[in-house]
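The values are calculated or read from the model by the stated rules, or taken from the named source; none is laboratory data. Nothing here was measured: the structure is a model prediction, and the numbers come from that model. Positions of Cβ are backbone-derived with ideal geometry, glycine not excepted, and every protein chain shown enters the neighbour counts.
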Amino acid sequence: MRKITLLICLFLAILLLSRGIMFAQIVTPIQPTSAPTADSSLLVEILPGVRKLEFRKVNDSTQLQILAGNVKLKQGTSLFFCDSCVINNNTNTFEAWGNVHVKDADTVNIYSNHLRYLITKRLAYLDGGVRLTDGKGTLTTPDLEYDMTTDIGIYKKGGKVVNKKTVLTSQEGYYYAGLRDVYFKKNVVLNDPAYKITTDSLLYNTQSQTARFIAQTLIKDSSGRTIETKEGFYNIGTGKAEFGGRPIIKDGKLTITANKIINDDSTGISQARGNVIIIDTVQKTTILAGEVYRDNKNDRILATRKPLMIIKQDNDSIYVTADTLFSARLSDLYTSKDSLTKDTIKGIKVVDVKTDKKSSDSTNRYFEAYRNVRIFSDSMQAISDSMFYSFRDSTFRLFQKPVVWSKESQITSDTIYMFTKNKKADKLEVFENSFMVNRIDPEVYNQVKATRMDGYFKEGQLDSIRAAGLAETIYYIQDDDSAYTGINESRCDIIDIYFGKETLEKVVFRSNVSGTIWPMKLKDPKEMRLTNFIWLEDRRPKTKFDLFD
């Protein structure tokens, strides 16, 4: 009789256990594989090792399954660990407490103090010190909603992601485990030893360490450089970045704006494309171009695609354009410290800017222009094949068939140096095959030709010229009423020419003069030309808008 009673009790216990497991959609290792209509991928399996298992019937439709001690559950490829758990067969949910650990398909691990899980929807609601890691980055947040089907986690009460030395915080976040992307929203801050990023929205990949910008974003690096952008990306690991949406970079004295900027911190090279504007507050210059390359480490700039440099002045700014513009530090033209105190470059005396107290960064700079150089200011215009300008001596050096115009005067030669003072034309040095033409009327030109010429300006206007070496001149003599009375055709060692407001006013021959004064009726002005005479008014930029014509 005792054996029969024991068998009946054992049978009833097995039946009760089987019915409780079926109601809760829990499959134990001893559950038959031919379980009724349930989707096997949604069934939760209790793994061996649970220390305590208790069934508690709440009402006719609800029965609880209570597990405690070393609880391990499995649903598909997802594992759940906790200290205790209650499974509700009516609501198809279970709750877990204490050392909760969710392991999702070997890619994501989530830890918390508490978990509420919707079994059929595969939705997990975790709270209490939530921590999610994908092996690359770690997310911590007070509350997290995690969808085991889509592998998407959501937090809305503030969260922090730590990826190596990078820390990101935001009010809201959406974590995509399959992509290892985190979409941060509201009060987003990224702190890295080299950068700080603040924005309203940011997409970050924990595997590639790439931050993608999808809203107005401010980036500030350890050197104080700031970047404002609306779109693009920055890879914290490689230092490569791309900024779009008309970004603005402020780097010390420079402000750079363009349609797109590509930057590589590892090499220090950046590229700006599309309507580029670079403003140098120290040099008081502005560069406009279609494309600009910058060597950030060596402070060098190369501008192409219709580049234009503006040297700002109060009343008469200078505009320079060419096929290519290049700017760098003047001291970088030398390879050794000793050469800085001894050598010269293109006629410039250079000192060591690190040791010369009188020198400043504002003068340790030059820029070069290559091919189709054109210069415009209200008082002076010029063209040449190439040009070198030093901020140390404020001098434009024009090479290969340069032409300079001032009012009605034109000067040509092999090489011309234009010195400026207080950013106004101050002096001209004209070398080899020097030729000056001063137009009085159509087809009427005063002319001076020599080996070398030196011109002097007053208040930015050409005031006088000294012509030396095989000097020749043709100039028209006028009376007080500006009527032509004769033509002077002469040669001399040295000739000084003085200008009035518009035209040549006086000519002085210094030594060894020979020549003829012709009556006007004996000479046709169209025939009065010195050898190699040329008038290039059609190439002269009349306004700053003509520079690209």
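Please work out which residue is modelled with the lowest pLDDT, limiting yourself to segment 298-340 and to residues that are surrounded by fewer than 14 Cβ atoms within 10 Å (Cβ to Cβ) and hydroxyl-bearing (Ser, Thr, Tyr).
The extreme case among them is Ser336.
Provide a single number: the residues in segment 423-447 that are under 22 Å from Arg397 (Cα atoms) and part of a strand (DSSP E or B).
Of the residues in that region, 14 qualify.
Among Ser434, Ser490, which is the only one that is assigned by TED's automatic domain parsing to the domain that holds Trp518 and farther than 30 Å from Ala322 by Cα?
Ser490
Spot the failing condition for Ile494; the list is (1) under 30 Å from Glu459 (Cβ atoms); (2) in a loop (DSSP other than H, G, I, E, B), and only one is missed.
In the conditions (1) under 30 Å from Glu459 (Cβ atoms); (2) in a loop (DSSP other than H, G, I, E, B), Ile494 misses (2) alone.
I need the full set of residues from segment 448-466 which are outside any loop (DSSP other than H, G, I, E, B) and acidic (Asp, Glu), in order please.
Listed by number, the residues that qualify are Asp454, Asp463.
I'd like to verify a number: residues in segment 504-522 that are more than 7 Å from Cys492 (Cα to Cα) and not in a loop (DSSP other than H, G, I, E, B), how many?
Residues that pass the stated criteria total 12.
Could you pull out the residue among Ala105, Ala194, Ala124 that is modelled with pLDDT under 95, of a type in the set (A, V, I, L, M) and either buried (at least 23 other Cβ atoms within 10 Å of the Cβ) or under 30 Å from Ser266 (Cβ atoms) (or both)?
Ala194
Does segment 281-289 contain any residue that is crowded, with 22+ Cβ neighbours inside 10 Å, in a loop (DSSP other than H, G, I, E, B) and out of contact with any Lys or Arg (no Cβ under 7 Å at 6 or more places or on another chain)?
no
Filter segment 400-444 down to residues that are crowded, with 17+ Cβ neighbours inside 10 Å, of a type in the set (A, V, I, L, M, F, W, C) and touching a residue at least 40 places away in the same chain (Cβ under 8 Å), then give me how many there are.
Here the count works out to 8.
Enumerate the pairs (first residue in segment 463-481 and assigned by TED's automatic domain parsing to the domain that holds Ile440 and polar (S, T, N, Q); second residue anywhere and surrounded by fewer than 23 Cβ atoms within 10 Å (Cβ to Cβ) and part of a strand (DSSP E or B)) with beta-carbon separation below 6 Å, excluding pairs fewer than 6 apart on the same chain, so at least 6 apart or on different chains.
Qualifying pairs under 6 Å: Ser464/Tyr456; Ser464/Tyr498; Thr473/Ser490; Gln478/Tyr484.
Any idea how many residues of segment 152-173 are modelled with pLDDT under 90 and either touching an Asp or Glu at 6+ places or on another chain (Cβ under 6 Å) or farther than 15 Å from Leu190 by Cβ (or both)?
Adding up the residues that qualify gives 1.
Counting only residues that are of a type in the set (S, T, N, Q) and not in a strand (DSSP E or B), which one in segment 98-148 is nearest to Leu43 (Cα to Cα)?
Thr120
In a strand (DSSP E or B), buried (at least 18 other Cβ atoms within 10 Å of the Cβ) and at positive phi: is that true of Gly232 in this structure?
Considered against the rule, which asks whether it is in a strand (DSSP E or B), buried (at least 18 other Cβ atoms within 10 Å of the Cβ) and at positive phi, Gly232 comes out as yes.
Starting from segment 163-190, take each residue that is among the basic types (Lys, Arg) and list its partners that are surrounded by 17 or more Cβ atoms within 10 Å (Cβ to Cβ) and assigned to a strand (DSSP E or B), counting only C-beta distances under 7 angstrom and pairs at least six apart or across chains.
Matching pairs, first to second residue: Arg180/Asn205; Lys185/Ser170; Lys185/Glu172; Lys185/Gly173; Lys185/Ser201; Lys186/Ser170; Lys186/Glu172.
Within segment 459-467, is there a residue that is charged (D, E, K, R) and in contact with a helix residue (DSSP H, G or I) (Cβ under 9 Å, 6 or more places away or on another chain)?
no
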